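K.L.:
Sharing a structure with you now.
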Amino acid sequence: MNAAAGREAAAFGGPNYGADLFVNATPVGMSKNGAASFNAPPFDFNAVGKKAFFYDLIYNPRQTQFLYEAESRGHQAENGLGMLIYQAILAFVHFTGLAVPEHVTNALFDSLSFSKNVVLTGFMGCGKSTLGRRLAEKMAVAFYDTDNLVEKEEGMSISEIFSQKGEGYFRRAESDVIARLAKRRGAVISLGGGAVKNPENISQLKQNGVVFCLDRDVRHLLGRPQQTRPLIKDKTLEEIAALKAQRAPLYEVCDHKVLIKENDFDANITFILDKLHEMQQAPSGN
Ligand code: S3P
């Protein structure tokens with residue numbers, strides 16, 4: 001850390017780490033079952049200068065809590081994917097005696113580096129599943145729908161799970177599915193509209209993914225769509241709108257909002273793809 005940055009850190013009254021580069025070489029932050037594994041190493045971000053650079057040797061998840069904290073404070077940060085790839089190439093060269101041309105190295109890095117999941121959330125009936133399936137087709141990646149996965153695992157429809165086992169049971173099954181999906185890479189994941197009720201679901205998904213929140217007029221739900229959704233079955237438009245308003249702050253956790261253009265899902269998909277492209281171009285967009 002240079003003298004000016006040191007003074008700046010000291011001015012906050014906290015410790016002064018006296019360095020410009022911070023490397024997490026511990027397993028803290030690695031993907032594992034259980035919330036505790038997502039913790040960041042103990043670190044006081046007030047004790048570093050603005051130019052401090054953060055490096056995490058971990059590459060799965062792509063964004064550990066450590067990197068998330070650094071990036072959200074405007075620091076440059078990088079995960080361990082590059083190290084993984086370049087040490088593998090050196091090992092290959094060492095053991096085979098063959099050369100690896102630079103364009104192969106670059107292509108390998110590019111193909112592995114943007115593999116975040118695209119996570120779709122938003123209130124019931126906003127088109128997450130339909131849009132998600134089409135987006136996944138367009139991106140040629142796998143598509144997962146948490147409601148479908150819960151139904152498959154439980155061998156029951158969502159309505160049956162709610163009526164026979166209760167909402168609490170459904171939420172736990174939903175969180176289990178999400179914990180597994182959060183460890184995947186390069187997939188499109190459509191969430192049930194209530195998954196945001198558990199912040200842990202979203203923080204896990206954000207480690208490997210970018211979260212888009214879709215917004216659509218609730219009138220769309222009236223009639224048949226509401227009958228398959230236990231929380232709004234037989235409710236009036238006003239009651240559904242009130243639930244949506246109550247949920248609104250929970251959807252603020254998303255990275256980008258998408259206002260659904262009726263009958264123009266292609267425009268919505270283009271919007272999402274453009275956002276992903278922008279992220280890929282950004283210095284820390286991997
Ligand atoms: C729910 C949304 C539903 C489904 C369940 C609960 C909610 O998914 O998970 O009925 O609490 O918002 P959709 O958003 O796909 O309708």
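K.L.:
Using a Förster distance of 41 Å, how high is the FRET efficiency between F271 and F95, based on the Cβ-Cβ distance and rounded to 0.05? Walk me through the numbers on the way to the answer.
P.N.:
Details: r = 46 Å, r/R0 = 1.13.
With a Förster radius of 41 Å, E is 0.35.
K.L.:
Using a Gaussian network model of the chain with C-alpha springs under 10 Å, which one of E262, E200, E78 is most mobile by mean-square fluctuation?
P.N.:
Checking each option, the largest mean-square fluctuation is seen for E262.
K.L.:
Quick one: H94, H75, H220, fewest Cβ neighbours within 10 Å first, how do they rank? Present the calculation step by step, with values, prior to reporting the outcome.
P.N.:
On the way: H94 8, H75 19, H220 15.
Fewest-to-most ranking of H94, H75, H220: H94, H220, H75.
K.L.:
Quick one: S203, S163, fewest Cβ neighbours within 10 Å first, how do they rank?
P.N.:
Working: S203 15, S163 11.
If I rank by nearby Cβ atoms, fewest first, I get S163, S203.
K.L.:
Of F53, S72, L90, whose Cα points farthest to the positive end of the dipole of the chain (charges on the beta-carbon: +1 Lys, Arg; -1 Asp, Glu; origin at the Cα centre)?
P.N.:
Positive-most Cα among the choices belongs to S72.
K.L.:
Also, quick follow-up: Once amide H atoms are placed 1.01 Å from N in the peptide plane, what residues at a sequence separation of 5 or more from G122, or on another chain, have their amide H within under 5 Å of its amide H?
P.N.:
Residues meeting the criterion, in which the H sits 1.01 Å from N, are L214.
K.L.:
Starting at the first residue of the stretch 120-130, write each ³J(HN,Hα) from the Karplus equation 6.51 cos²θ - 1.76 cosθ + 1.60 with θ = phi - 60°, in whole Hz, x for Gly and Pro.
P.N.:
Result, rounded to whole Hz: 10, 10, x, 4, 3, x, 8, x, 4, 5, 5.
K.L.:
In addition: When only Cα pairs under 8 Å and 6 or more residues apart are kept, what is the percent relative contact order across the stretch 85-240?
P.N.:
Working: 192 pairs, mean separation 50.7, N = 156.
Relative contact order of the stretch 85-240: 32 percent.
K.L.:
Ok, one more. Could you go through the stretch 19-29 in sequence order and give the Karplus-derived ³J(HN,Hα) for each residue, using 6.51 cos²θ - 1.76 cosθ + 1.60 with θ = phi - 60°, rounded to whole Hz, and x for Gly and Pro?
P.N.:
Per residue, the Karplus-derived 3J(HN,Hα) values read 8, 10, 10, 10, 10, 8, 10, 9, x, 5, x Hz.
K.L.:
Per-residue ellipticity at 222 nm for the chain, helices alone: DSSP H runs ≥ 4 residues times -39500 (n - 2.57), over residue total, nearest 500 deg cm²/dmol? Let's see the in-between values first.
P.N.:
Values: 12 runs with 131 residues, N = 286.
When only DSSP H runs of four or more count, the value is -14000 deg cm²/dmol.
K.L.:
Remind me, relative contact order of the stretch 164-286 in percent, using alpha carbon pairs under 8 angstrom and six or more residues apart? Don't jump to the answer; show the numbers that get you there.
P.N.:
On the way: 78 pairs, mean separation 27.8, N = 123.
It rounds to 23 percent for the stretch 164-286.
K.L.:
Next question, about the same structure. Kindly write out, for the stretch 66-72 in residue order, the coupling ³J(HN,Hα) from the Karplus curve 6.51 cos²θ - 1.76 cosθ + 1.60 (θ = phi - 60°), rounded to whole Hz, with x marking Gly and Pro.
P.N.:
My calculation for the stretch 66-72 gives 4, 5, 4, 4, 5, 5, 5 Hz in order.
K.L.:
Multiply the residue separation of K235 and Y86 by 0.36 nm, subtract the distance between their alpha-carbon atoms, and state the gained length in nm to one decimal. All intermediate terms of the calculation are to be shown ahead of the outcome.
P.N.:
On the way: separation 149, 0.36 × 149 = 53.64 nm, distance 5.73 nm.
Roughly 47.9 nm would be gained on extension.
K.L.:
Among the listed pairs K165/K206; K50/K257; K116/K206; K50/K275, give every one whose C-alpha distance is greater than 21 Å. Write down the numbers at each step before the final one.
P.N.:
Working: K165/K206 29 Å; K50/K257 29 Å; K116/K206 9 Å; K50/K275 27 Å.
Pairs exceeding 21 Å: K165/K206; K50/K257; K50/K275.
K.L.:
Using the count of nearby Cβ atoms within 10 Å as a rough guide to exposure, how do M156, M124 rank from fewest to most?
P.N.:
On the way: M156 16, M124 22.
Neighbour counts put them in this order, fewest first: M156, M124.
K.L.:
Another question about this same structure. Taking the Cα centre of the chain as origin and charging only Cβ (+1 Lys, Arg; -1 Asp, Glu), how large is the dipole, in debye to the nearest 20?
P.N.:
Working: 32 positive and 32 negative charges, 64 e Å.
For the chain, the charge dipole is close to 300 debye.
Coordinate-derived values only; no laboratory data. Everything quoted here is computed from the prediction, not taken from an experiment. No Cβ is skipped: glycine too gets one built from the backbone with ideal geometry, and neighbour counts run over all protein chains shown.
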